[in-house]
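The values are calculated or read from the model by the stated rules, or taken from the named source; none is laboratory data. These numbers come from a predicted model, not from an experiment. Note: ideal-geometry Cβ built from the backbone for every residue, glycine included; neighbour counts use all protein chains shown. When the accessible area is computed, the model is the full protein with side chains, heavy atoms only, and any ligands, DNA or RNA have been set aside. Shrake-Rupley method; radii C 1.70, N 1.55, O 1.52, S 1.80 Å.
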Amino acid sequence: MQESNLVREKKKFQVIGTRPKRPDGTDKVTGRALYGGDINLPSMIYGEILRSPHAHAKIISIDYQEALAIEGVKAVITAEDFPSLEDVTKKVGEGAVNIRYRSNNILAKEKVLYQGHPIAAVAAKDKNIARLAIEKIIVKYEILSPVLDVREAMKEDAPILLEELRTVSMGEKIDKPTNIAKHIQLKRGNIEDSFAESDIIIEREFYTSMVHQGYIEPQSVTALYNNDGDISVWTSTQGAFIAQQQISDVLNIPLSKINVIPMEIGGGFGGKVSVYLDPVAILLSKKSGSLPVKITMSRKDVLMATGPTSGSYIKVKLGAKNNGIFTAVHAYLAYEAGAYPGSPVGGGAVSLFAPYKLDHLLIDAYDVVVNKPKSEPYRAPGTTNAIFASESIIDEIAVKLKIDPIELRLINAVKEGDRRIDGPTYGRIGLIEILEEIKAHPHYHSKLRGKYQGRGIATGFWFNYAGKSSVYASINGDGTVNLIEGSTDIGGSRASMAMQLAETMELPYESIIPKVVDTNSIGYTEGTYGSRTTYSTGWATHNLGNELIRLMKEKAAAHFETEIGNIVYSKGNFTSSDKEISFIDLAKLMKGNPVTASSSIHPKRASPGFGTHIVDVEVDPETYKVTILRYTAFQDVGTAIHPSYVEGQIQGGVVQGIGWALNEEYIYDDTGNLVNHTLLDYRMPTSYDLPMIDTVLIEVPDPDHPFGVKGVGEVPIVPPAAAIANAINDAIGHRLNRLPMSPKNIFESINQVK
Amino acid sequence: MQNFDYIRVKSKDELSELLDKQNKEIKLLSGGTDLIPQLREGKKDIEIIVDVKNINEMNELSFDNTLGLYIGAAVSCLNICQDVKVKTMYPGLIDAISLIGGVQIQGRASVGGNLCNSSPAADSIPALIVHKSICIIESKDGIREVPVEQFCTGPGKNVLNKNEFLAGIRVPKVDPEFGAAYLRFIPRNEMDIAVVGVGASVEIKEGHITTARLALGAVDATPRYFDDVFEPLLGMAINDENLDRILDDIGQSISTRINPITDMRGSAEQRKHLSKVLTKRTLLKAIERASNQQEVN
């Protein structure tokens, strides 16, 4: 389809790099695929959640006797039904959460901290009765002043959300009540001297709003607390084992009692790692006498109360020499964590200048609680806002120094052996290759046609994660291979696993039958996040394929009555001197004597991702509406296993980045009510708002990975906001420092200047 | 969603009878594209929903050489947009109706419903106003006619009495000298509610503007009709070098006479600014349509 856009040195694979059909394709296009809400069990009842109308309040009392008395109501629960938990911080996904806070976020205890914060839950024989019962629960509140802005929340006299919260500043606990959960500092070299030696210094402030992942499938959970205490949970999640762990932590139930059955997932983007409904549905099932309970969120619930990513305030000062070399950085980042600590400000602080060599820097980063929903990961968490700041300033420097923006980035770009700003040394990364490719690309040399058209570029970075994965396989009597895995398939990973196994085993792609199974049926596998699945699960799959071939060689040796060392396997055939048998024929001979194998892996590191995007925009000079005319995303993708899916990941990430750049934002009124809680007014881009997103895949393979895979899913969301801001400046000569760059915000920004 | 009774009526008489007798809170359902979401969000207190889309007379879409166009209140937007006669004779109406929701919404939504929902931001209303359209209101007591610009009385409110219903809308026949247009501003290109919507119509005789009408949506509690700001335009040649400046002045004047709100869809200041920009753009498009129409003839 777009083979010419794949920059690959030589073709050395049979299956990898081709574009076969996805195994789940038929079910998805015919509507047969079963998503979170599609499970329906005999005697199932329905749960509903009572949510706080206030952004900040003390809960004085909850009276649910009237609700419980309604005919058809089977159970009511509040936070009192949850076990009391100590403050223990546990790893969840790539981050860490305090499990007491997690529990309080699932059902509020003592205080509500954002509008939509769950307070109680009802299970009833139908949804209408459950909703009616919810309305009959009487909650008395003492309403408190909400804190809705990150910098307001940091002030000495700000209302305090969490009485016991103390700032951990560079490892030290500061003993006074605060909304600042954490202060991180990155420091290297001497910024004062370096700024003094700079020819140009630019300092700017940037503001961004909370934005949501915008997955189309709302959270839906069905749970059964069986009479023997065994728990089954059907849900769409990014990681069945991660859900299992959180349920176990929050309910204080052993892991082995909980089986999480993953359904197909309608998008996650980081937002379906944390659990919300699962423990509630389990307790309702228990209290209703082991009836299965289904709870499904409305869109309003999703937007109001599931984790968006942080709004932020970022201040960056960057110095450079006249020759373009960056001299020093001084930055300040404050991120809204939402109701409980845990914003991705740490990722933002590092990624801010991760693509560039810098020996002198001082970066302070603050994680701050505010009366908004607890932030959760969103595709390259914390990085899009940070890069919006840094790449806007870099563009300003390029313009002022009259250096081509690609050249300026090439002058400063990191390569293998350089240190990342927080210390680690880069391995084989492809940033230079990306920038060189852009210089040769027609988009970069094309002419803009209109007076109000402009071009912008920006580079993005994301760490990428490896993590633990397990896979299992059995060879069938017809020579096909069942591949069993625990990685949620969000971006086509069943296909990419099947392709890596087919490549390893020198079998056709169609011979591999991949399946994602429940937590009782496969070894521990982390969730699909951190762009890790094709990398780590793929690596495990490669090892699995090698083991299967070794076992089949044993079978071939027995068949030929020779030693295994005499067996050669190539292109689907086992040979020993003059004898030959195909993989399929050997499999047929083994009926009733199957070959099975499993593989688990925990790679210590993954290569980071880099991408540089070019965008052409046109700005209506009167209405300030921005139209994206042309977009090309260049990315080092390691090895593109299934190029169409890699392109799809990049296009999807870019589209989310464009949404964040142009219109998406959480709009709150003064009392902390989220006013745009529908997809009508939370304006994600539609197909009418986007051109074709062109992609250029640059393959600089990861030398550690058997196929050279690098994570590709996250970095594409990072550059768009900065690239579009730079393009708008090129078009109308006005720099924007606030996301989204909506017509209203551009109008206000321009009028402020006037 | 609250519980409610659902009644399907087959004729206008049946509907008049029912409205006359019932004391309960009734809402009429045509496409339901506004009503159902409002019910889901708990914004309406309704006891009975009366489905009118099976009334034949209310699905009439016809054209008469003297009376002009008649749009039954339950005719779907899509049927209007696909009607060749409407498309060629009333492009300014099509501008507005084809913007409502998206294609799927237009398949169910009706212009009558858009009027009765009486949103200040309704796309069809400014376009109907500049076409001098008339609401045909019926009840057991008879028929009355109300110009569209007088139909809405506040956000979600209109002149319909409890026993009345909107039967249809009459859009007068247009002459070749006539041109109309509707433009709205939304941050995206689809799936949005107007931040500002402007309808404009003009008549041009022998290269000179003889009449002009202007109506704006989403700038006040009701769609606003301006009948007096056109003196500077009247009699003006369409190729007059001052036209551009005068259109700017009209836009400027309009922007000072509206009372927009600040909400999540736009600020009051932005709406005033957009009113000015869109007033000019819409008038220009109406003038262009009127001139092209005459060239065709």
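Assorted remarks:
- For segment B:175-192, residues shielded by at least 20 square angstrom of accessible area compared with the chain on its own, probe 1.4 Å: B:Phe185, B:Pro187, B:Arg188, B:Asn189, B:Glu190, B:Met191, B:Asp192
- In plain terms, the chain from A:Ile667 to A:Tyr524 could stretch by 47.5 nm, reckoned as 0.36 nm per residue minus the Cα-Cα distance.
- Cα centroid of segment A:169-195 to Cα centroid of segment B:105-142, whole Å: 61 Å
- Hydrophobic, long helices, defined as DSSP H runs whose alpha-carbon span along the helix axis is 27 Å or greater and whose mean Kyte-Doolittle value is at least -0.5, occur in chain A at A:538-560, A:643-662.
- Projecting the Cα atoms of B:Met236, B:Ala167, B:Gln106 onto the charge dipole of chain B (Cβ charges, centred on the Cα centre) puts B:Gln106 farthest toward the positive pole.
- Accessible area of segment B:183-247 divided out per residue, in Å², using a probe of 1.4 angstrom: 38 Å²
- Calculated P(r) of segment A:395-548 - Cα pairs past 19 Å, %: 66 percent
- Candidates A:Ser198, A:Gln14, A:Leu333 compared by Cα position along the dipole of the protein assembly as shown: farthest toward the positive end lies A:Gln14, with charges placed on Cβ.
- Within segment A:466-601, percent of DSSP bridges classed antiparallel, to nearest 5: 80 percent
- Partner aspartates and glutamates for B:Lys44 [C-alpha distance under 16 Å; skip if fewer than 8 residues away on the same chain]: B:Asp5, B:Glu25, B:Asp34
- Volume per residue that the Cα convex hull of chain A spans, once the total is divided by residue count, Å³: 171 Å³
- Those residues of segment A:661-703 for which accessible area with every protein chain present is at least 20 Å² below the isolated value (1.4 Å probe): A:Asn663, A:Ile667, A:Val675, A:Leu679, A:Leu680, A:Asp681, A:Arg683, A:Thr686, A:Tyr688, A:Asp689
- Residue with peak Gaussian network fluctuation, chain B [Cα springs, cutoff 10 Å], from B:Ala237, B:Ala96, B:Ala74: B:Ala237
- Contact residues in segment A:704-747 by the 20 Å² criterion (accessible area, 1.4 Å probe, full protein complex versus chain alone): A:Pro743, A:Lys744, A:Phe747.
- Pairs of lysine residues in segment A:466-601 that meet both criteria, 8 or more places apart or on different chains and Cα atoms under 30 Å apart, total 20.
- For chain A, size of Cβ-based charge dipole, Lys and Arg +1, Asp and Glu -1, in debye: 380 debye
- Radius 11 Å from Cβ of A:Ile231, net charge of other residues (Lys, Arg +1; Asp, Glu -1): -1
- Taken along the Cα-to-beta-carbon direction at a fixed 7 Å, the label points for A:Ile513 and A:Leu401 span 6.0 nm.
- Annotation for segment A:482-525 versus segment A:545-597: alpha-carbon center distance of 22 Å.
- Amide H contacts of A:Tyr356 (H built 1.01 Å from N, under 5 Å, at least 5 apart or other chain): A:Val414
- Cα-only radius of gyration and Dmax that characterise chain B, units Å: 19.2, 62
- Hull-based mean projected area of segment A:388-439, where the convex hull spans the alpha carbons, in square nanometres: 4.1 nm²
- Stokes-Einstein D for segment A:1-132, Kirkwood Rh over Cα pairs, 37 °C, 0.692 mPa s (µm²/s): 167 µm²/s
- Cross-link reach is defined here as a Cα-Cα straight distance under 17 Å, omitting same-chain residues fewer than 8 places apart; for A:Lys317 the aspartates and glutamates meeting it are A:Glu192, A:Asp193, A:Glu197, A:Asp199, A:Glu203, A:Glu205, A:Asp359, A:Asp364, A:Glu391, A:Asp395, A:Glu396.
- Sorting A:346-358, A:737-749, B:55-67 by their mean Cβ neighbour count within 10 Å, with the most densely packed peptide first, gives A:346-358, A:737-749, B:55-67.
- Simple Cβ-charge dipole of segment B:42-191, Lys/Arg +1 and Asp/Glu -1, about Cα centre, in debye nearest 20: 300 debye
- Beta bridges per DSSP with both ends in chain A, % antiparallel, nearest 5: 75 percent
- Electrostatic tally near A:Glu164: other residues with Cβ closer than 13 Å to its Cβ, Lys and Arg +1, Asp and Glu -1, net +1.
- One quarter of the surface of the convex hull around the alpha-carbon atoms of segment A:466-601 equals 7.8 nm², the direction-averaged projected area.
- The Cα center of segment A:42-60 and the Cα center of segment B:232-297 differ in position by 50 Å.
- Applying a threshold of 19 Å to the alpha-carbon distances of A:Lys321/A:Lys439; A:Lys272/A:Lys294; A:Lys127/B:Lys53; A:Lys109/A:Lys372 flags A:Lys321/A:Lys439; A:Lys127/B:Lys53 as lying beyond it.
- Once the C-beta distance of A:Gln752 and B:Asp244 is scaled by a Förster radius of 30 Å, the resulting FRET efficiency is 0.60 to the nearest 0.05.
- Taking every protein chain into account, the accessible area of segment A:466-601 amounts to 38 square angstrom per residue (probe 1.4 Å).
- Of the solvent-accessible surface of the protein assembly as shown, computed with a 1.4 Å probe and all protein chains present, 48% belongs to carbon and sulfur.
- Projecting the Cα atoms of A:Ser446, A:Phe634, A:Gln219 onto the dipole axis of chain A, where Lys and Arg carry +1 and Asp and Glu carry -1 at the beta carbon, places A:Ser446 farthest toward the positive end.
- From helices alone, chain A scores -8000 deg cm²/dmol at 222 nm; the rule is -39500 (n - 2.57) for each run of n ≥ 4 DSSP H residues, then divide by the residue total.
- With a cut-off of 18 Å on the backbone N, the residues of segment A:453-484 near the modelled label site 7 Å out from A:Leu589 along Cα-Cβ are A:475-480.
- Here is how the number arises for chain B: DSSP H runs of 4 or more residues each give -39500 (n - 2.57), the sum is divided by the residue count, and the result at 222 nm is -9500 deg cm²/dmol.
- Placing +1 on the Cβ of every Lys and Arg and -1 on the Cβ of every Asp and Glu, with nothing else charged, gives segment A:317-381 a dipole about its Cα centre of roughly 180 debye.
- Surface burial for B against A, with a 1.4 Å probe and both sides summed, reaches about 2200 Å² of accessible area.
- Pairwise label distance in nanometres, A:Ser577 with A:Leu68, each label 7 Å out on the Cα-Cβ vector: 8.3 nm
- Annotation: extensible slack from A:Ala33 through A:Asp157 equals 39.4 nm (criterion: 0.36 nm per residue apart, minus Cα-Cα distance).
- Solvent-accessible surface (1.4 angstrom probe) belonging to A:Ser577, in square angstrom, nearest 10: 110 Å²
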